[in-house]
């Protein structure tokens, strides 16, 4: 059969309601790929959304051409910024006369092998990532979103707990004019005397950054931004944990008491002064999954 004889309804002109559309495409496409980050090649399965705008009165776009481009450029390939740019240009070339903007969005989990805080153990940590590439006027821009899990100990709860411990200490040692250091040390080591502990909870920071100047950039930015956020927060969740690691984690939490406002301000200071890559804009949402309440505490900011 002559393929040229097959009808192409997508190219039919519509007579009414022919407004342009910002995005038309496909989503939920599974594509096996490789991610090269910090001298490692990581196999990932991406859920991909890709498409273009629709400027004309044509009824639709060529979705099969987008799907074929994803398979041709990405399937089992190592993803790079150059590869993304070439693919987006190809998609626009196959939609010449219909579109002048193309977008592809990848959703996947970046995984990193993390050492324990003090012990010699290692374990895998995973980070949900959204990577969105845009092409307009022959210029590619990039948006990166990463979710980082951490622990937050409530400053208010910590102060209230300290007060109860102080009160018990004063009660138990009220008759002593001269304190015996050994007895005080023994008292501190007894469970019933540490009569209150502050509440803490697993928390998340979803950080979205927009990058416009991509000259010299690479996808190492994924590893860099995650590591810098973790270092800034100071209490990221762990993988493999022995007793010495758990004790160190408790120490770090005590030194980094945080309301959601504190977490947000730490990250805002980081991003406002970031120098490793040219950040055009950013948006951050931190959420503390409360153990005291059934609701959660949230803070957001942009810049």
Any chance you could count how many residues in region 26-39 are touching a helix residue (DSSP H, G or I) at 6+ places or on another chain (Cβ under 9 Å), part of a strand (DSSP E or B) and either modelled with pLDDT under 90 or on the phi > 0 side of the Ramachandran plot (or both)? 3
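Table: residues versus (1) modelled with pLDDT of 95 or more; (2) out of contact with any strand residue (DSSP E or B) (no Cβ under 7 Å at 6 or more places or on another chain); (3) within 30 Å of residue 210 (Cβ to Cβ); (4) assigned by TED's automatic domain parsing to the domain that holds residue 280.
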position	(1), (2), (3), (4)
130	yes, no, yes, yes
148	yes, no, yes, yes
164	yes, yes, no, no
172	no, yes, no, no
What pairs come out if I take residues in region 185-199 that are closer than 17 Å to residue 154 by Cβ and pair them with residues that are assigned to a loop (DSSP other than H, G, I, E, B) and at pLDDT 95 or above whose C-beta lies under 9 Å away, six or more apart or interchain? 198/154; 198/257; 199/154
Does at least one position in region 174-183 carry a residue that is surrounded by 12 or more Cβ atoms within 10 Å (Cβ to Cβ), under 23 Å from residue 130 (Cα atoms) and over 16 Å from the mean Cα position of the chain (by Cα)? no
Would you check which residues across region 268-283 are farther than 16 Å from residue 221 by Cβ and surrounded by 13 or more Cβ atoms within 10 Å (Cβ to Cβ) and list them? 268, 283
Does any residue of region 271-289 turn out to be assigned to a loop (DSSP other than H, G, I, E, B), at pLDDT 95 or above and within 28 Å of residue 157 (Cβ to Cβ)? yes
Selection from region 192-222 of residues surrounded by 18 or more Cβ atoms within 10 Å (Cβ to Cβ) and in a helix (DSSP H, G or I) yields 221, 222
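In region 74-98, what residues are part of a helix (DSSP H, G or I) and within 16 Å of residue 43 (Cα to Cα)? I'd like the intermediate steps shown before the answer.
First pass over region 74-98, keeping only residues part of a helix (DSSP H, G or I): 74, 81-93.
Matches in region 74-98: 74 only.
The values are calculated or read from the model by the stated rules, or taken from the named source; none is laboratory data. As the structure is a computational prediction, the values presented were derived from the model and not from experiment. Cβ: placed from backbone, ideal geometry, glycine included. Neighbour counts: every protein chain shown.
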